[in-house]
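Encoded as structure tokens, the structure appears first; notes follow it.
Where a number appears in this text, it was derived from the coordinates with a stated rule and is not lab data. Since we're looking at a predicted model, the values are computed, not measured. Note: ideal-geometry Cβ built from the backbone for every residue, glycine included; neighbour counts use all protein chains shown.
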Amino acid sequence: MPGLEDLYREIILDHYKNPRNRGTLEPPAVRSEGHNPLCGDEIEVFLIVNNDIVEDIKIAGQGCSISQSSASMMSAAVKGKPVEQARALISRFKHMMSIDEEGEPDTSTPLGDLEALQGVVKFPVRIKCAVLSWNTLSEALDIAAE
Amino acid sequence: MPGLEDLYREIILDHYKNPRNRGTLEPPAVRSEGHNPLCGDEIEVFLIVNNDIVEDIKIAGQGCSISQSSASMMSAAVKGKPVEQARALISRFKHMMSIDEEGEPDTSTPLGDLEALQGVVKFPVRIKCAVLSWNTLSEALDIAAE
Amino acid sequence: MSIDVQRIRADFPVLAKLINGQPLVYLDSANSSQKPNAVIDAMTTFLQHDYSPTNRSAYTMAAHATDLYEGARANVARFINAPRAEEVVFTKNATEALNLVARSWGTANLGEGDAIVLTHMEHHANIVPWQMLAAEKGFSIRWVPLTSDGLLDLSNINQLLAGARAFSFTAMSNVLGTINPVKELCALAHQHGAIAIVDGCQSVPHMPTDVQDWDADFVAFSSHKMVGPSGIGVLWGRESLLDAMPPFLGGGNMISDVKLDGFTCAELPAKFEAGTQPITEAVGLSAAVDYLSALGMHNVRAHERDIATYAINALTDAFGDDIVIHGSRDIEKRGATISFAYRDVHPHDVSQVLDQHNVCVRAGHHCAKPLMRLLGANATVRASFYLYNTNEEVDALVSALAEAGDFFTL
Amino acid sequence: MSIDVQRIRADFPVLAKLINGQPLVYLDSANSSQKPNAVIDAMTTFLQHDYSPTNRSAYTMAAHATDLYEGARANVARFINAPRAEEVVFTKNATEALNLVARSWGTANLGEGDAIVLTHMEHHANIVPWQMLAAEKGFSIRWVPLTSDGLLDLSNINQLLAGARAFSFTAMSNVLGTINPVKELCALAHQHGAIAIVDGCQSVPHMPTDVQDWDADFVAFSSHKMVGPSGIGVLWGRESLLDAMPPFLGGGNMISDVKLDGFTCAELPAKFEAGTQPITEAVGLSAAVDYLSALGMHNVRAHERDIATYAINALTDAFGDDIVIHGSRDIEKRGATISFAYRDVHPHDVSQVLDQHNVCVRAGHHCAKPLMRLLGANATVRASFYLYNTNEEVDALVSALAEAGDFFTL
Ligand SMILES: Cc1ncc(COP(=O)(O)O)c(C=O)c1O
Ligand SMILES: Cc1ncc(COP(=O)(O)O)c(C=O)c1O
């Protein structure tokens, strides 16, 4: 049985306690919302996309250490990056979480801190926590593209 | 295990092959209809009640030897009898079939041939067959009393 | 290649049962099948060691039970070649599955002036839900008639389907044994812009199923007829249709959020699985699917083709004109479910005499009263054979039937 | 008199399970309970020797299975003191039972301008079916609020019930453990001409039930929470109401006759039992009822009163202000289901640490999101105790919690 240290790496607890990009944005920022029906976690992603660049991102909502730290790391990773790169990262992250995405992941964008979430795969129940914010970001990007 | 002879007494087979009071009656005779959802048996009872006497009764429908012979014996037993006596017989017959009827049966009306159906009790699945026409008669008496 | 029936029989503990020293002859599998040790043991082991609620709690045992439950879904999807596991919805039985389609798809898609098409050989489960909805919504029901040998009479099918929204039909008759041309019927439905709903209750247990090859829109079937446990059934549906449908039952698990003024639905398949699911039953169904897959459904069908042939010949040889076997004699067009009338002995009486010899058949209307009316009977005797039945059991049926004949012509 | 927990534990094979050499501490029974050998064996034996369809075929084995199935019904009726066995309808779970009432009674009795009353502590199963129907029919839903200690706030109950057609409430909260005054609530409903619908999911497994003493109109509960199998639930209803209701699901068994132009319903209880029923599950439920009856439900309640007291004290002693236990501290007003917040550690993280010690609790919204919003949380940790839980298991919970505290404040 994998131990708690495999799941709760220090960097994860750091992002949990000191979440990056926490807050909300006013329109014209787009907003999308995700739920984890299993544990009740809720996440809101606010996004400003300009010229295909993620100009700003804010995260609101409540959740467990895994969902919150994942969201925090995600926000740090995509902020200021081209939309295309953000999408590639979503796909890469889901691959890391063993979630069926077709094809091979685009590894051109480094995972950085996100690597620490790799241990989540050993705790299948928590994968949904880790992925929640990423699905919500994906939706927000769709809305922004409309 | 009880044998077939316990169920299919000769008198039963006789009534099955030579059913009494077979046919239909035109209004003002009342009519009621019963189904055995288990086996698909259908029975129709036609009834003329005058001055609280069952003046005439006819039986139509299709069914197995038990339901048909029971109907035939029933028709013979109640024809020409006071309604009250018919009702007492219904109650007595149901008692014989081990069907919960409150109180003690009124044994003033003799069962006659109907006694032969006693063996049905050992074949619980067939009780519904035996009782079908009696429930239908009971309904017809209710309609006639309206 | 055929299957080794004696080995199969050893897998089914009930078949070793002796009643008054005589073996059980179970010929009622179209009603509900018996269960092999593989299924019973899977359920027992789960209950003894691994039982836990699914899709709710997060501890390891709950995660494991969830994996088994979702694994059952994936296994069923594979068994019927569904494109996606999420399209497989667990219900309590096929009846609930058909009610779900009627109520949920029907409410959203059927109204006054609309029509749907059923057939004269449908089971009540594929009639009554539509009648209930029709009484509310005012659409009409059209009926595909039958030929004299118990096949669908498709001579007017284009007229019947013209303007219809749905065509719902059984893949195999539970009374006549008729195997319908499902793929062709789905194509006909689609040509007329109708969706195709397949009642797979009698076909899925007895032959290979490929919902994609059929190009069906919905397929319903029950675990208990395919060597699986009672208490669980399956609705497979095309994702785009399921996604667009309103929910059916409301409660836990099927929601994404609930507020005082309303709720939002969960994604598929949770959307259609309200409340605590038949967890142990899903584990058992998964074992049943494994059991059948290991045998190979082509082999099951081959065995049933053989035994149906043997049975029809044996009954005809023994009783000639005294027996009327309903439905088709063409073995390619029928399964091993054989309904018949025997002299003028009432089916219930036939079944009673057979029961004295532990020969278990069903006597009745088989939940297909409209078909019964067509046959001009209010009941038939039905002997239905499955993968564990033998020619010797056919012989037992024949000799018990002979006794019934003797008895009722004293 | 209390019950002998060690003897009871020996009846539940899963409780002997060791994970990494450590015992399982199962504190999730409010979600779903474990099963004793008596239940597992009853099901296994039935599947090995006696399985047969019920209420359809007429051979001896089918008659025997029917007797067992109908015997289960009578047994359940006795367990809740129902006046008549026919008033007990088997469903797939409590959720279906509540949907049945909402859809069938509700469709016939609720329309524009009508109102029903629910409470803020309801499970989604007693909210969503009403919201679905309300969206169709246009009636309104009124809500009984809660006091700060998690009891129903009845100060405005007469206003809320004025003109209402139904009052549907849980007998015990699955989050707070609150035991509601069911008898009083039924009387209040009746005073206002409303029917009283009781969600008995959390009370029936844990204390004596007397539907006649309650004077309720409907009571719903699930087998899987009362040491019985998954895949079966119960709706008890007053005969006069059930009789007057339209059917719910359509299909086999629930009909008296079916013609092309319509159908007629069967009598109770068949009218509400469409299709092949959870037969093996009914046999298991019956064994569960026997098991609980032999222990005595008063004794079960007494044991849970004791363990809840011990647990609340132990948690408070160990963690003081670091733990917030939701709901009432009055042991006469609560069961052994204990939801809490622990420091600022998220429930999901708490549950993860507990899981490392095989302590199984539920972390989440417990299918009661409206209540969660009142509590100002999107999740709680819930430890729920049952007849097989011990004080030592409470101690295991406490020490695992302490570790969670350490871990998250490195
Ligand atoms: C109070 C309450 N009502 C209803 C339900 C629903 O029961 P089931 O999921 O068995 O349908 C539950 C349990 O989940 C419950 O605790
Ligand atoms: C053709 C057909 N459809 C539907 C059903 C209903 O299945 P269930 O009773 O398992 O819901 C049956 C079996 O009874 C059947 O044979």
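Numerical summary
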{"read-out": "Residue with peak Gaussian network fluctuation, chain D [Cα springs, cutoff 10 Å], from D:Ala42, D:Ala16, D:Ala368", "value": "D:Ala16"}
{"read-out": "Chain C: angle of helix C:128-137 to the longest principal axis, Cα-based, in degrees nearest 10", "value": "40 degrees"}
{"read-out": "D:Asp67-D:Asn37 FRET efficiency (beta carbon distance; Förster radius 22 Å; 0.05 resolution)", "value": "0.45"}
{"read-out": "Chain D, Rg to Rh (Cα coordinates; Rh as Kirkwood inverse mean 1/r)", "value": "0.98"}
{"read-out": "Distances in nm from D:Leu260 to the matching label points in the other copies, shortest first (labels 7 Å along Cα to Cβ)", "value": "5.4"}
{"read-out": "Distance in nm between pseudo-label sites at D:Arg9 and D:Arg84 (7 Å out along the Cβ direction from Cα)", "value": "4.6 nm"}
{"read-out": "Amide H partners (placed H, <5 Å) of B:Gln62, local residues excluded", "value": "B:Glu42"}
{"read-out": "Length released on extending from C:Ala135 to C:Asp50, taking residue separation times 0.36 nm less the Cα-Cα span", "value": "26.0 nm"}
{"read-out": "Where labels lie 7 Å past Cα in the beta-carbon direction, separation of C:Ala74 and D:Asp395 in nm", "value": "4.2 nm"}
{"read-out": "In order through the stretch D:362-369: 3J(HN,Hα) via Karplus (6.51 cos²θ - 1.76 cosθ + 1.60), integer Hz, x for Gly, Pro", "value": "9, 10, x, 9, 6, 6, 8, 4"}
{"read-out": "Inter-copy separations for B:Pro124, label at 7 Å along Cα-Cβ, nm, ascending", "value": "4.3"}
{"read-out": "Innermost chain A residue relative to the axis carrying A onto B, by Cβ distance in angstrom", "value": "A:Pro37, 21"}
{"read-out": "Percentage relative contact order, the stretch D:103-258, counting C-alpha pairs under 8 Å, at least six apart", "value": "19 percent"}
{"read-out": "Normalised convex hull volume, the stretch D:33-86, alpha-carbon set, Å³ per residue", "value": "94 Å³"}
{"read-out": "Calculated FRET efficiency for the pair B:Glu26/D:Glu184, C-beta based, R₀ 51 Å, to 0.05", "value": "0.30"}
{"read-out": "Separation of alpha-carbon centers, the stretch D:1-47 and the stretch D:237-270, rounded to whole Å", "value": "38 Å"}
{"read-out": "Percentage relative contact order, chain D, counting C-alpha pairs under 8 Å, at least six apart", "value": "22 percent"}
{"read-out": "At 7 Å out from Cα toward Cβ: C:Ser140 inter-copy label distances (nm, ascending)", "value": "4.3"}
{"read-out": "Nearest 10 degrees, 0 to 90: helix D:279-295 Cα axis against chain D principal axis", "value": "50 degrees"}
{"read-out": "9 Å beta-carbon shell around A:His35, net charge (K/R +1, D/E -1)", "value": "-4"}
{"read-out": "Inter-chain shielding of A:86-97 (mean C-beta neighbours from other protein chains, 10 Å cut-off)", "value": "0"}
{"read-out": "Shape category assigned to the protein assembly as shown from the gyration tensor of Cα positions, a/c cut at 1.5", "value": "prolate"}
{"read-out": "Cleavage-rule hits (chymotrypsin sites (Phe, Trp or Tyr not before Pro)) in the stretch D:291-381: DSSP loop, at most 11 neighbouring Cβ within 10 angstrom", "value": "none"}
{"read-out": "Pairwise label distance in nanometres, A:Gln62 with D:Asp213, each label 7 Å out on the Cα-Cβ vector", "value": "3.8 nm"}
{"read-out": "Residue among C:Ala135, C:Ala74, C:Ala220 with the largest mean-square fluctuation in a Gaussian network model of chain C, springs linking Cα atoms under 10 Å", "value": "C:Ala135"}
{"read-out": "Theoretical FRET efficiency, 1/(1+(r/R0)^6), r = Cβ-Cβ of C:Leu374 and D:Thr147, R0 60 Å, to 0.05", "value": "0.40"}
{"read-out": "Proximal charge balance of D:Tyr69 [Cβ under 14 Å; K/R count +1, D/E count -1]", "value": "-4"}
{"read-out": "Net charge over other residues, Cβ less than 10 angstrom from the Cβ of D:Pro129 (K, R count +1; D, E count -1)", "value": "0"}
{"read-out": "Nearest-ten-degree value, helix B:124-145 long axis tilted from longest Cα axis of chain B", "value": "10 degrees"}
{"read-out": "Phi-based couplings in Hz for the stretch B:4-9 (Karplus 6.51, -1.76, 1.60; Gly and Pro marked x)", "value": "4, 5, 5, 8, 8, 5"}
{"read-out": "Ratio of Rg to Rh over the stretch C:271-410 (Cα coordinates, Kirkwood Rh, two decimals)", "value": "1.06"}
{"read-out": "Candidate lysines - alpha carbon under 17 Å from A:Lys17, same-chain residues fewer than 8 apart omitted", "value": "A:Lys58"}
{"read-out": "Over 24 Å between alpha carbons, listed pairs B:Lys122/C:Lys17; C:Lys17/C:Lys369; A:Lys94/D:Lys92; D:Lys92/D:Lys271", "value": "C:Lys17/C:Lys369; A:Lys94/D:Lys92"}
{"read-out": "Chain A: calculated mean residue ellipticity at 222 nm from DSSP helix runs of at least 4, using -39500 (n - 2.57)", "value": "-13500 deg cm²/dmol"}
{"read-out": "P(r) of the stretch C:51-294 over all Cα-Cα pairs, binned every 5 Å from zero, in whole percent", "value": "1, 7, 14, 18, 19, 16, 11, 7, 4, 2, 1, 0"}
{"read-out": "Per-residue HN-Hα couplings for the stretch A:59-71 [Karplus 6.51, -1.76, 1.60; θ = phi - 60°; Hz; x = Gly/Pro]", "value": "10, 10, x, 10, x, 6, 4, 5, 5, 6, 6, 4, 5"}
